[in-house]
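J.: Structure in C-alpha cells, see below.
The values are calculated or read from the model by the stated rules, or taken from the named source; none is laboratory data. Please read all numbers here as calculations on a predicted model, not as lab measurements. Backbone-built Cβ (ideal geometry, glycine too); neighbour counts: all protein chains shown.
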Amino acid sequence: HKGLESRIVPSAGVPLKTIKIQGFKRSLSLENFKTVYLFLKSVHDCKKIIRDFKPDVVVGTGGYVCGAVVYAAARMKIPTFIHEQNSVAGVTNKFLSRFVDKVGICFEDARKDFPASKVVFTGNPRAQQVAGMKDTGRLEKEYKLRKDLPTVMIFGGSRGAEGINAAALKAIPQFAKKEYQVLFVTG
C-alpha cells in the first residue's frame, strides 16, 4: 500500500491495485487482532480485484502481502501456485499450501513443510539464467571492478538478509587485506 512499488510500477505505465495489510508480530500482541482483520478485509478486496482482472492463474512467492491475494484466488477456484525460495518455509507459504494447487520449492529441505502431493521441485528459475553469464563488461565498468582480481558478491534476502548484512559490514576491514574485490548488494 505504501511500498516503493506504489511509485515505481505506475510510473512504468503498469496498472497497480494495492491492499492494506500487515504481517503478524512474532510475539503475543494485540496488534495481531488488527492483522487478522486486515487479512480478512484484504481477502474481500482481492476477490473484487481478481473478478475484474480475470487471471488464468495466481502465483505467490511468499510474504504476507501475497497471502490475501493467493488465498482469495484459491477460494474462488482459480488455479494457484506458490513458490518457496528458502530452505525453511515461511509462515505465509505454509498457511497457503493447504489451499493452493501446487507448491514449487528450490531446496529439498523445504519439502517437509508442505503437503507431499502438491510439491514440485522447481529450483530457482532465475539461477539458471545467470549461471552461464559471460558478459560482465557492463558490471566491471559500472562498479569499477578489476578484471585481474577475483570478485566476491555478497547478497541475501528474506530471513537471512539482516544477518548477512551485519556480518559483511563487520568484515569490511578484512576485505581490504585480501587480494580480491567485493560487491556487496543490499536492499
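J.: Tell me, which residue of the range 56-110 that is more than 16 Å from the chain's Cα centre (by Cα) and under 21 Å from GLY3 (Cβ atoms) is surrounded by the most Cβ atoms within 10 Å (Cβ to Cβ)?
T.: Top of the filtered list is ALA73.
J.: If you go through the range 174-186 one residue at a time, do you hit one that is over 24 Å from THR61 (Cβ atoms), modelled with pLDDT under 80, of a type in the set (Lys, Arg) and not assigned by TED's automatic domain parsing to the domain that holds GLY60?
T.: yes
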